[in-house]
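Please read the structure below before turning to the comments.
The values are calculated or read from the model by the stated rules, or taken from the named source; none is laboratory data. Please read all numbers here as calculations on a predicted model, not as lab measurements. Here the Cβ positions follow ideal geometry from the backbone for every residue, glycine too, while neighbour counts run over all protein chains shown. To get the accessible areas, we keep the full protein, side chains included, count just its heavy atoms, and leave off ligands, DNA and RNA. Shrake-Rupley method; radii C 1.70, N 1.55, O 1.52, S 1.80 Å.
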Amino acid sequence: MSDTETVSLMELMKDPAVRLDPYPAYADLQKMGRLLPTMFGGFLVTRHADAFTVLRDARFSSNARHQPTYEQFAEMARQVGLGDLQDLFERVMLFADPPDHTRLRRLVSKAFTPRAVEDMRPRIAAIVDRLLDAVEGDGGAELVETLAFPLPVTVISEMLGVPAGDHSQLRAWTAEAVKALDPSDDMMVLFPAAEAIRAIRGYFHELVVERRKAPGDDLLSALIAAEDEGDHLSHDELLDTAVLLFGAGHETTVNLISGGVLNLFRHPAELERLRDDPSLIGSAVEELLRFGPPVQFTDRRATADIELAGQLIERGTELVPLIAGANRDPDVFPDPDRLDISRADNRHLSFGGGIHLCLGAPLARIEGQEAIGRLVGRFPRLALEREDVEWKPTTTIRGPARLPLVW
Ligand code: HEM
């Protein structure tokens, strides 16, 4: 690779073969180098050790404000009417630096501890069973619509106290909103995303007004109480947090379930092993997360001049840890392209790492275990209706758009 050449995941994904299976391309990138210059002036971080360092070292921030061109960009965004998207990206927990991050995360973390979500397992199992009961007699179903999507949406909605009748409207907005997370050189794509985020915030504003009048036994009511108790949480932060939890609960776990089931079908011996020994479901879900991470990459900015992979990274530089590539790094995972549902020492980066380590990971794990475990346990003759799979158009978030199954 010459000094002037850059890599772009966005460009790579325009190749239909790469969209179908990006992993050979990620392996090639890994061979090209540890840090590869991107077209946005940053570096793609290809190896597990470096990606993990970037995620864990607090000097690499997830807040775009540390980028030198940020103020200019933010001003332009405000002028063209994207101010609220900009504000959300500056404030929300995922993009906040300490001490704000610490405060925001502490307020909701209690609801997501492994113990708290383990208590939700019977309820999650019951939702899975109800969703499968509804289609059992049909001889088959499309998995995304019938299970992978409704499960996490129902769970996070119940946690937040969102009425079931509002799901489909919120779903349409959320699908639009996550497009703002994708890398793009076209600012126009941000307008519908901003519009959708405005609508979701508006929705939660109304719900907060209702819950303030009549508090329930839900996370939103608990957050309102935290807001009312003092300056822990501003009204904007409360709405941002609701939007983040709702969105994160929508667009990630769905791909763990649908992508995970697809990968089991593509490795029938592993599917059989799981059927023969359902106690493997815990390690199977970890391996499915490693093998096909729903979040393929993330980004950080250096807040100081920092040495990484033998190179000086100047303050303000953007780094893009390639989670999906790091998860197949042969230095960490023996035989990385093999799906092994009992893989030991599975240090995948699918939930990130460091202070922003996925807050919902314990919940996502249980949802994945109950959905995949119950589905394969219930239908011994489960099969894909067809081999070719259509993938969602997003690059950051990866998962099948549809997965028709027969049983
Ligand atoms: C399989 C499903 C999921 C995957 C693969 C996933 C992945 C991730 C990743 C990679 C990050 C870190 C991003 C970064 O550092 O830049 C993250 C953060 C986060 N996730 Fe998840 N997630 C999943 C499910 C969930 C669920 C179900 C929730 C909540 C309902 C959730 C809530 C969050 C939150 C709030 C953060 C930000 C944490 C912070 O900034 O401290 N996630 N997730």
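Considering segment 130-158 alone, what residues qualify as being open to solvent by 10 Å² or more (accessible area, probe 1.4 Å), touching a helix residue (DSSP H, G or I) at 6+ places or on another chain (Cβ under 7 Å) and at pLDDT below 95?
Phe149, Pro150, Thr154 - these are the residues of segment 130-158 that are open to solvent by 10 Å² or more (accessible area, probe 1.4 Å), touching a helix residue (DSSP H, G or I) at 6+ places or on another chain (Cβ under 7 Å) and at pLDDT below 95.
For the condition of a type outside the set (D, E, K, R) and away from the ligand (no atom under 14 Å from the Cβ), what is the one hit in Val162, Val128, Val155?
Val128
Which helices (runs of 4 or more DSSP H) does segment 80-150 wholly contain that include 1 or more residues that are under 27 Å from Arg386 (Cα atoms)?
121-136
Only one of these conditions is not met by Thr317: (1) touching a Gly at 6+ places or on another chain (Cβ under 9 Å); (2) near the ligand (Cβ under 9 Å from one of its atoms). Which number is it?
(2) is the only condition that Thr317 fails.
Tally the residues that are aliphatic (A, V, I, L, M) and not in a helix (DSSP H, G or I), restricting the search to segment 218-267.
Of the residues in that region, 1 qualify.
Please state which one of Arg91, Arg123, Arg105 is within 12 Å of the ligand (Cβ to nearest atom), open to solvent by 60 Å² or more (accessible area, probe 1.4 Å), touching a helix residue (DSSP H, G or I) at 6+ places or on another chain (Cβ under 9 Å) and in contact (Cβ under 8 Å) with a residue 24 or more places away in the chain.
Arg91
Could you please let me know if Val332 is away from the ligand (no atom under 16 Å from the Cβ), aliphatic (A, V, I, L, M) and not in a loop (DSSP other than H, G, I, E, B)?
No, not satisfied.
Residues in segment 267-295 that are over 12 Å from Val376 (Cβ atoms) and either touching a Ser or Thr at 6+ places or on another chain (Cβ under 6 Å) or free of Cβ contacts under 8 Å to residues at least 40 places away in the same chain (or both): how many?
Result for segment 267-295: 6.
Does Val376 satisfy the criteria of being hydrophobic (A, V, I, L, M, F, W, C), assigned to a loop (DSSP other than H, G, I, E, B) and more than 16 Å from the ligand (Cβ to nearest atom)?
no
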